[in-house]
1. Given 0.36 nm per residue, what is the gain on full extension from residue 27 to residue 67 after removing their alpha carbon distance, in nm?
2. Hey, what angle do you get for helix 2-21 against the long axis of the chain, alpha-carbon based, 0 to 90 degrees rounded to 10?
3. Mind checking Rg over Rh on the chain, alpha carbons, Kirkwood formula for Rh?
4. Rounded to the nearest 10 degrees, what's the angle between the helix 63-72 long axis and the longest principal axis of the chain, both from Cα atoms, 0 to 90?
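What follows is calculated from the coordinates using simple rules that are stated; it is not laboratory data. As the structure is a computational prediction, the values presented were derived from the model and not from experiment.
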């Protein structure tokens with residue numbers, strides 16, 4: 001288990017080094033900013049929708065949802081809630 005963890009750490013460090021040295025730092029910061037704003041938006045909208053218990057529309061905060069919102073932005077945010085509404 002330790003070996004797998006350290007392999008992922010090394011892969012992450014390698015990716016960050018590539019991004020920093022290739023001049024794509026602005027893109028990475030944009031994804032991180034969108035991910036953080038997405039978490040805040042998901043938590044806020046879940047709090048607003050909690051009063052409508054019959055609707056059952058809620059999106060959990062996990063690495064997949066953060067990556068979807070981080071990479072896609074507002075359309076990713078809408079996609080998560082639309083898919084949640086279709087499933088429930």
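1. Extra length from residue 27 to residue 67 when fully extended: 13.1 nm.
2. 80
3. Radius of gyration over Kirkwood radius for the chain works out to 1.11.
4. 90
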